[in-house]
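> Can you read through this structure? Questions will come right after.
The values are calculated or read from the model by the stated rules, or taken from the named source; none is laboratory data. These numbers were taken from a predicted model, which means no experiment stands behind them. In this analysis, Cβ positions are derived from the backbone assuming ideal geometry, glycine residues included, and neighbour counts consider all displayed protein chains. Just so you know, the surface numbers come from the protein's heavy atoms only, side chains and all, with ligands and any DNA or RNA stripped out. Shrake-Rupley method; radii C 1.70, N 1.55, O 1.52, S 1.80 Å.
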Amino acid sequence: MNETLGKQIIEQQLLTVAKAVEDKIDEEIAALDRLDLDDIEALRERRLQQIKKMAEKRSQWVSLGHGEYSEISEKDFFAAVKASDRVVCHFYRDNWPCKVMDKHLSILAKQHIESRFIKVHAEKSPFLTEKLRIVVLPTLALVKNAKVEDYVVSGAKISSSGDWMITELCEFSRVRALQVGFDDLGGTDGFSTEELEERLAKSQVIVLDGEGPSHPSKFSKTKRSIRQAETVDSSDSD
């Protein structure tokens with residue numbers, strides 16, 4: 001009896017949703033029927049302006065290095081994150097986990113021209129790694145509007161002095177060793193490009209197809225950690 005009642009409730013809910021969708025479509029069709037030639041011409045002109053604006057924006061993105069995955073120096077980092085609204089920065093060293101990350105980021109850079117994808121050699125950038133609190137490699141710093149909003153982290157611990165370290169039970173030991181793993185991506189280097197893409201979209205540092213001001217991300221925003229929302233400022237380097 002309860003099962004039958006449950007099915008009836010679900011069917012009624014589905015009918016209600018279907019009716020709402022149908023009503024919405026009917027409203028849009030009716031609105032199109034009411035358009036005259038001037039309205040259609042106005043819509044056409046608006047669409048042309050949108051296309052033109054997007055073309056200009058894409059051209060600007062390309063001039064800033066969007067569309068490719070490139071390495072920059074420590075001194076160029078601050079200018080890069082201030083020039084682009086969205087930046088994915090890979091802090092790396094020459095090891096297998098970082099090469100795995102390189103492969104995926106090279107693909108995503110071409111697919112998401114709205115964001116800039118860069119890499120910085122951590123060992124050659126002691127000031128930057130300390131300022132952004134980069135303590136494991138590989139680490140992706142996800143920057144929006146010149147602020148580090150989130151991190152994707154995993155790899156080998158490093159100390160504030162730049163020495164490579166491995167950690168066990170929150171105690172550091174001074175060894176140049178790697179702790180391989182991808183904690184934010186399922187704990188394995190076998191994660192797919194799509195899985196990394198979803199992780200970046202979750203932090204809203206890339207835009208998935210169909211998203212935008214009228215299409216919010218399908219991923220809920222994660223709780224901000226104590227390391228998030230740090231303003232990127234080069235003044236401390238002087």
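> Just name the residue that is farthest from Lys110 (Cα to Cα) out of those in the stretch 35-49 that are at pLDDT 75 or above and open to solvent by 100 Å² or more (accessible area, probe 1.4 Å).
Among those that are at pLDDT 75 or above and open to solvent by 100 Å² or more (accessible area, probe 1.4 Å), it is Arg44.
> Now for a separate question. What do you reckon, is Lys19 in contact (Cβ under 8 Å) with a residue 12 or more places away in the chain and basic (Lys, Arg)?
Details: in contact (Cβ under 8 Å) with a residue 12 or more places away in the chain: no; basic (Lys, Arg): yes.
No; evaluated as a whole, the condition is false for this residue.
Yes or no, residue by residue, for (1) open to solvent by less than 10 Å² (accessible area, probe 1.4 Å); (2) touching a residue at least 12 places away in the same chain (Cβ under 8 Å); (3) within 22 Å of Thr193 (Cα to Cα):
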position: Ser59; (1), (2), (3): no, no, no
position: Gly67; (1), (2), (3): no, yes, yes
position: Pro97; (1), (2), (3): yes, yes, yes
position: Arg116; (1), (2), (3): no, yes, yes
position: Leu132; (1), (2), (3): yes, yes, no
position: Leu140; (1), (2), (3): yes, yes, yes
